[in-house]
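Notes for the one structure printed next.
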Amino acid sequence: MNALLLEGLSNKAIASQLMLSVRTVESHVSHSLAKTGCRSRLELVIWLMTHTPMQS
């Protein structure tokens with residue numbers, strides 16, 4: 001799911017691709033914000049970019 005966040009997809013688009021409910025995606029994003037201490041989705045994406053190993 002983090003890769004889809006990094007692509008800039010909306011919760012609805014992520015839910016559709018992963019066959020999850022939008023509420024499940026919202027919950028995951030909310031938990032990720034809490035775990036990282038980020039205050040916004042943009043801040044979370046920046047955090048992911050600096051803390052996630054790049055794949056080739």
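Quick notes
- Matching helices (runs of 4 or more DSSP H) fully within the chain where at least 3 residues are in contact (Cβ under 8 Å) with a residue 40 or more places away in the chain: 2-6, 41-51
- Leu18 open to solvent by less than 60 Å² (accessible area, probe 1.4 Å) and either within 8 Å of the chain's Cα centre (by Cα) or among the hydrophobic types (A, V, I, L, M, F, W, C) (or both): no
- Residues being surrounded by fewer than 15 Cβ atoms within 10 Å (Cβ to Cβ) and within 12 Å of Leu5 (Cβ to Cβ) - total across segment 30-39: 1
The values are calculated or read from the model by the stated rules, or taken from the named source; none is laboratory data. On a predicted model such as this, the values are computed, not experimentally measured, just so you know. Cβ atoms come from the backbone with ideal geometry, glycine included; neighbour counts cover every protein chain shown. The area values use the complete protein model at the heavy-atom level, side chains included, leaving out ligands, DNA and RNA. Shrake-Rupley method; radii C 1.70, N 1.55, O 1.52, S 1.80 Å.
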